[in-house]
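Here's the structure we're looking at; comments come further down.
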Amino acid sequence: MKLSILDQAPVSVNMSAGEALNNSVRLAVLGDELGYTRFWLAEHHGMNGLSSSAPEVTLGGIGMVTENIRLGSGATLLPYYKPYKVAEVFNTLASLYGNRIDIGIGRAPGGDNKASEALSDNYLQHAFKMPELVSELQGYINDADKSPKAMPLPDNKPELWMLGTSEKSAVFARDNSMNYCFGKFMSSSSPADVLDTYRENGSPGEVIITVNVFCHADEKYAHDLAYSYAVNQALKSTGRGFDGVADIDAVSSVKLTDDERKETEQILSNLIIGTPESVGKELTDMSEAYQVDEFMVVTITHSIEDKLNSYRLLADHLLKQQ
């Protein structure tokens with residue numbers, strides 16, 4: 001089994017954006033040391049509590065302090081950008097860091113309407129043009145007969161992935177001959193249905209499933225971390241969120257409304273929580289059920305030490321046994 005990391009550079013309460021971004025660097029370095037396959041940074045705009053608005057910039061710094069782990073975006077929100085510029089950015093990263101650069105492509109806005117308008121006057125119009133945008137990007141990355149060239153031209157071209165949460169994105173990835181990363185951690189769709197759709201007609205691409213994981217040697221503490229995350233997320237949706245990711249004690253003192261409690265329970269139902277042994281078994285069972293050998297893991301905690309520990313325990317259990 002392969003394990004990878006998706007990070008959102010979350011900002012905890014009383015933490016600066018600079019600290020959050022440097023925590024992403026720490027996580028990438030640890031992932032490199034532990035044998036994780038990829039480190040992807042998400043792209044979000046104007047969102048309180050997340051500092052990864054320009055993942056390609058942070059990846060440039062991470063490439064300097066890592067050696068083997070693949071680096072990429074999860075996702076570059078293509079409707080905001082010209083494919084030529086995206087190709088230039090990731091060709092530059094590939095020229096610097098060789099055969100370990102990925103471009104994850106997405107079409108979600110990644111922020112509220114004000115952020116979308118600030119980035120693009122015609123976001124929806126460009127979103128409807130995704131097939132053309134992706135085709136254009138593929139042409140530049142593959143150095144097809146296009147002019148101008150997306151310089152620099154690296155010896156090893158970046159690897160393209162389509163990210164999505166539904167059968168619609170699976171169809172798009174399949175029909176455009178792209179690798180596919182299914183975001184189970186933020187989807188209500190059945191992984192079996194989505195991946196069966198992607199694999200129709202014998203699609204040869206690679207598949208990754210992204211999951212939320214909270215791992216700790218103490219099972220109760222793992223559940224405390226997961227509950228804290230779920231409440232943080234539920235409160236955001238009702239406008240009562242903390243100014244950043246709150247700790248377990250702060251979250252436990254919040255009296256939830258009925259709607260917030262229901263949403264918390266819904267979020268918890270989609271998390272993988274427990275000791276290295278129980279988490280490892282659940283991932284192994286999913287790997288066999290969906291015929292997927294790579295999982296991308298998202299873990300958001302108030303403390304960076306809890307986060308690093310979760311990834312370390314998971315790797316020690318699953319990667320060192322191989």
Checklist entry - So which residues in segment 226-249 are at pLDDT 95 or above, outside any loop (DSSP other than H, G, I, E, B) and among the charged types (D, E, K, R), if there are any at all? => result 249
Next on the checklist: Looking at segment 111-154 only, could you name the residues that are in a helix (DSSP H, G or I), polar (S, T, N, Q) and under 30 Å from residue 237 (Cβ atoms)?
Outcome noted: 113, 116, 125
Checklist outcome for this item: Counting only residues in segment 21-72 that are acidic (Asp, Glu) and not in a helix (DSSP H, G or I), the one nearest to residue 307 (Cα to Cα) is identified as 43
Item to check | Conditions (1) surrounded by fewer than 19 Cβ atoms within 10 Å (Cβ to Cβ); (2) under 18 Å from residue 303 (Cβ atoms); (3) modelled with pLDDT of 95 or more: number failed by residue 281 | outcome: (2)
Checklist entry - In segment 250-266, which residues are assigned to a helix (DSSP H, G or I) and not polar (S, T, N, Q)? => result 250, 251, 258, 259, 260, 261, 262, 263, 265
Checklist entry - Within segment 93-105, is there a residue that is small (Gly, Ala, Ser), in contact with a Pro (Cβ under 9 Å, 6 or more places away or on another chain) and in a helix (DSSP H, G or I)? => result yes
Next on the checklist: Within segment 3-19, does at least one residue satisfy the condition of being free of Cβ contacts under 8 Å to residues at least 60 places away in the same chain and in a loop (DSSP other than H, G, I, E, B)?
Outcome noted: yes
Item to check | In segment 33-61, the residues that are more than 16 Å from the chain's Cα centre (by Cα) and buried (at least 19 other Cβ atoms within 10 Å of the Cβ) | outcome: none
Next on the checklist: If residue 200 meets every condition in (1) within 19 Å of residue 78 (Cα to Cα); (2) charged (D, E, K, R); (3) at pLDDT below 95 apart from one, which number is that one?
Outcome noted: (1)
Item to check | From the options 168, 220, residue that is out of contact with any Leu (no Cβ under 7 Å at 6 or more places or on another chain), farther than 28 Å from residue 137 by Cα and not aliphatic (A, V, I, L, M) | outcome: 220
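The values are calculated or read from the model by the stated rules, or taken from the named source; none is laboratory data. Just so we're clear, the structure is a prediction, and the values are computed from it rather than from any experiment. Positions of Cβ are backbone-derived with ideal geometry, glycine not excepted, and every protein chain shown enters the neighbour counts.
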